[in-house]
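Peer 1: Structure in structure tokens, see below.
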Amino acid sequence: MRTFVAAADAGRFQDAAAELAVTQQAVSKRIAALEKSLGARLFTRTARGAVLTGDGRAFLPHARELLRAELRALASVRGGPLRVDVIGRRLRPASLLRQFHEAHPDIELEVVTLFDTTAVRDGSVDASFRAVVALPEDLAAQWVFDEPIELLCGPAHPLARSSVTPAELAGHRLWLPGVVPGTEWGAYYAEFAAAFGLSIDAAGPNFGTEVVLDTIAESTEVATLIGAGSRVLWPPGHDLRRVPIEDPTPVYPHSLVWRRDNAHLGLAALRRHFADNERATDAWRPSWAQPSQTVPSTG
């Protein structure tokens with residue numbers, strides 16, 4: 001079930017394998033076994049990725065709920081590990097959490113990847129890294145880190161230089177197929193685009209990072225945006241360029257979110273670990289993530 005959800009989110013069995021630290025063959029075998037058990041085809045395999053079938057789309061929310069139920073069952077046992085959602089293991093929050101683990105190796109830690117704060121509210125996880133748009137009253141948040149956003153493009157792209165400004169991005173196609181309306185990153189990029197008159201293209205199915213990299217590698221028109229702390233690898237022949245965006249630098253405001261009544265000792269240590277971080281200067285943030293609004297009462 002976990003492999004199915006990872007493959008659905010990644011859009012490629014190869015990316016899901018990297019996420020789960022198993023071989024691509026293992027992912028294929030697990031998906032085949034699940035499809036056989038269900039008597040339904042969950043994915044359509046294409047040369048560029050794996051696309052959910054109608055049955056796959058119908059099954060996905062139930063698969064997510066089964067995984068949350070597993071986490072809730074584990075959380076019901078006192079003294080369990082500190083469970084933290086990092087959204088993606090190649091993204092900056094995963095690196096931040098790894099730094100915490102290195103500083104506190106005595107705290108048992110479990111890393112999970114989910115997509116909303118429901119898991120925090122129902123106790124499936126103890127905390128989640130998010131850009132805080134709005135919070136229900138039973139949750140609290142603490143700002144953690146401002147991650148600069150960079151332009152990623154091919155060597156022939158006209159913006160493949162030492163740095164660019166947000167205004168210079170106007171008129172260029174910025175392709176972000178993973179940006180979904182209604183999500184926190186959707187809200188972030190929507191306001192960023194509106195602030196600087198940019199065109200962000202989220203059209204088309206999300207076949208995973210590799211397909212985006214293949215597309216922009218030889219393009220003189222298409223580029224994408226990534227967090228400076230994202231671990232993105234590409235074949236040497238792509239020769240992609242990570243271009244800093246400056247004057248101002250757009251930053252993605254990561255916060256730690258938890259339930260106010262959560263008394264896990266590891267959570268208290270996690271909050272203390274990030275308490276003294278400094279805000280980025282000369283930075284652009286969306287209106288809902290200004291310093292005075294990013295840290296609701298921690299209760």
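No value in this document is a laboratory result; all are computed from the given coordinates. Since the structure is predicted, the reported quantities are computational estimates derived from the model, not experimental observations. As a convention, Cβ positions derive from the backbone with ideal geometry for all residues, glycine included, and neighbour counts pool all protein chains shown.
Peer 1: Normalised by the number of residues in the range 148-251, what is the relative contact order in percent for Cα pairs under 8 Å and 6+ residues apart?
Peer 2: Once normalised by length, the contact order is 55 percent.
Peer 1: So, in nm, how far is label residue 185 from label residue 231 when the simple model puts each one 7 Å beyond its Cα toward the Cβ?
Peer 2: Inter-label distance under the simple model: 1.6 nm.
Peer 1: Compute the FRET efficiency between residue 282 and residue 2 as 1/(1 + (r/R0)^6), taking r as their Cβ-Cβ distance and R0 = 45 Å, and round to the nearest 0.05.
Peer 2: 0.60
Peer 1: Follow-up. Can you tell me, using C-alpha contacts under 8 Å and at least 6 residues apart, the relative contact order of the range 1-77 as a whole percent?
Peer 2: On the way: 68 pairs, mean separation 22.8, N = 77.
Across the range 1-77, relative contact order equals 30 percent.
Peer 1: Then there's this: Assigning unit charges at the beta carbon (Lys, Arg +1; Asp, Glu -1) and nothing else, what dipole magnitude in debye, to the nearest 20, does the range 1-110 show about its Cα centre?
Peer 2: 380
Peer 1: Further, regarding this structure: Multiply the residue separation of residue 24 and residue 194 by 0.36 nm, subtract the distance between their alpha-carbon atoms, and state the gained length in nm to one decimal.
Peer 2: 57.2 nm
Peer 1: Between residue 260 and residue 32, what is the label-to-label distance in nm when each label sits 7 Å out along the Cα-to-Cβ direction?
Peer 2: That separation, rounded to one decimal, is 5.2 nm.
Peer 1: Tabulate in residue order the Karplus-calculated ³J(HN,Hα) for the range 277-285, using 6.51 cos²θ - 1.76 cosθ + 1.60 with θ = phi - 60°, rounded to whole Hz; enter x for Gly and Pro.
Peer 2: Working through the residues one at a time gives 5, 9, 6, 5, 9, 6, 10, 9, 10 Hz.
Peer 1: Please list the helices of the chain that count as membrane-span-like by this rule: a mean Kyte-Doolittle hydropathy of at least -0.5 together with Cα atoms stretching 18 Å or more along the helix axis, each helix being a complete DSSP H run. Walk me through the intermediate numbers first.
Peer 2: On the way: long enough: 24-38 (21 Å, -0.18); 54-75 (33 Å, -0.15); 184-196 (19 Å, 0.28).
Long hydrophobic helices here: 24-38, 54-75, 184-196.
Peer 1: Can you give me the long-range amide H partners of residue 125? Hydrogens built in the peptide plane at 1.01 Å from N, cutoff under 5 Å, separation of 5 or more residues or another chain.
Peer 2: Long-range HN contacts for residue 125: 120.
Peer 1: Based solely on its DSSP helices, what 222 nm [θ] is calculated for the chain when runs of n ≥ 4 H residues each add -39,500 (n - 2.57) and the sum is averaged over all residues, nearest 500 deg cm²/dmol?
Peer 2: Details: 10 runs with 105 residues, N = 299.
Computed ellipticity for the chain at 222 nm equals -10500 deg cm²/dmol.
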